[in-house]
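All remarks here apply to the structure that follows.
Every number here is computed from the coordinates shown, using simple stated rules; none is lab data. Small disclaimer: the values here were computed from a predicted structure and weren't measured. Ideal geometry is used to build each Cβ from the backbone, glycine not excepted, and the neighbour counts take in all protein chains shown.
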Amino acid sequence: ISLGGADAHIELKTGDEDKLKDEIIRLVEVYGFDGLDIDLEQAAIGAANNKT
């Protein structure tokens, strides 16, 4: 699975972390993906409240 890229905008609101995690796990299990690529580039990341 690949998320992000040069023109992508990703916004994860507080409290949605578990939903994202659960959905990624579901997709990996259902479709047999072997990994996750999160490609965050300059424009995809806001300056405030970033979590690492």
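Numbers below:
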{"quantity": "Residues whose placed amide H lies under 5 Å from that of LEU3, excluding near-sequence neighbours", "calculated": "ASP37, ILE38, ASP39"}
{"quantity": "Radius of gyration and Dmax over the Cα atoms of segment 2-44, both given in Å", "calculated": "11.6, 32"}
{"quantity": "Size of charge dipole - segment 2-44 - debye, nearest 20, with Cβ of Lys, Arg +1 and Asp, Glu -1, no other charges", "calculated": "120"}
{"quantity": "Segment ILE38-GLU17, length gained on full extension (0.36 nm per residue, minus Cα span)", "calculated": "6.1 nm"}
{"quantity": "Cβ-based charge dipole, segment 2-44, positive-most Cα from ILE38, LEU3, ILE25", "calculated": "ILE25"}
{"quantity": "In Hz, Karplus ³J(HN,Hα) per residue of segment 13-29 (6.51, -1.76, 1.60; θ = phi - 60°; x = Gly, Pro)", "calculated": "7, 3, x, 9, 4, 5, 4, 4, 4, 5, 5, 4, 4, 4, 5, 4, 5"}
